[in-house]
Amino acid sequence: MNIIGTFTKNGETYSGTIHTLPFSGAATLEPVKDKPTDRNFPDFQVFTTPTRKHGRVQIGRAYKERSEAGNEYLAVRLDEPSFPAPIFCRLIQLEGEESHSLIWSRS
């Protein structure tokens, strides 16, 4: 497994960090309020945590999914200008862990 982030859940929001070669920093996955009925609309938006130098920037989106075994996870798509292509990963809670891991794998 390639874990590129670790998050904790507080209510419906996930807070943590993402570490890739072009990006490393704090991020949040925030639920979309007043989501339209469009099935293709994301359930969460991924934002960087604001700093003194930069405001908050959207770097991705996530969708609620369910594995064949019935476990819930978030299918995450990260994309920002420093990435050569979008990164597809899953935010899952590993068995016995309190935190959630952002796992990347090549398709």
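The values are calculated or read from the model by the stated rules, or taken from the named source; none is laboratory data. Since the structure is predicted, the reported quantities are computational estimates derived from the model, not experimental observations. Don't worry about glycine lacking a Cβ; one is built from the backbone with ideal geometry, like all the others, and counts go over all protein chains shown. The area values use the complete protein model at the heavy-atom level, side chains included, leaving out ligands, DNA and RNA. Shrake-Rupley method; radii C 1.70, N 1.55, O 1.52, S 1.80 Å.
Checked against the criterion of being surrounded by 10 or more Cβ atoms within 10 Å (Cβ to Cβ), among the polar types (S, T, N, Q) and farther than 16 Å from G16 by Cβ, the range 70-77 has at least one qualifying residue. The set of residues in the range 1-18 being open to solvent by 30 Å² or more (accessible area, probe 1.4 Å) and assigned to a strand (DSSP E or B) consists of N2, I3, T6, T8, K9, N10, T13, S15, T17.
Looking across the range 1-51, the residues that are within 14 Å of A62 (Cα to Cα), of a type in the set (A, V, I, L, M, F, W, C) and either modelled with pLDDT under 90 or over 11 Å from the mean Cα position of the chain (by Cα) (or both) come down to V32, F41. Listed by first and then second residue, the pairs linking a residue in the range 39-52 that is free of Cβ contacts under 8 Å to residues at least 24 places away in the same chain to a residue that is of a type in the set (S, T, N, Q), with Cβ atoms under 6 Å apart and 6 or more places separating them unless they lie on different chains, are Q45/Q58; F47/T28; F47/Q58. Name the pairs: first residue in the range 82-107 and of a type in the set (S, T, N, Q) and at pLDDT 90 or above, second residue part of a loop (DSSP other than H, G, I, E, B) and exposed (fewer than 15 other Cβ atoms within 10 Å of the Cβ), Cβ to Cβ under 9 Å, at least 6 apart or on different chains? Sorted first by the residue in the range 82-107, then by its partner, the pairs are Q93/N71; Q93/S99; S101/M1; S101/L94.
Number of residues in the range 19-44 that are farther than 15 Å from A75 by Cα, surrounded by 14 or more Cβ atoms within 10 Å (Cβ to Cβ) and not small (G, A, S): the value is 2. Checked against (1) within 15 Å of H19 (Cα to Cα); (2) of a type outside the set (A, V, I, L, M); (3) touching a strand residue (DSSP E or B) at 6+ places or on another chain (Cβ under 9 Å); (4) in a loop (DSSP other than H, G, I, E, B), S82 meets all criteria but (3). Total residues in the range 45-69 satisfying the condition of being assigned to a loop (DSSP other than H, G, I, E, B) and either hydroxyl-bearing (S, T, Y) or surrounded by fewer than 11 Cβ atoms within 10 Å (Cβ to Cβ) (or both): the figure is 9.
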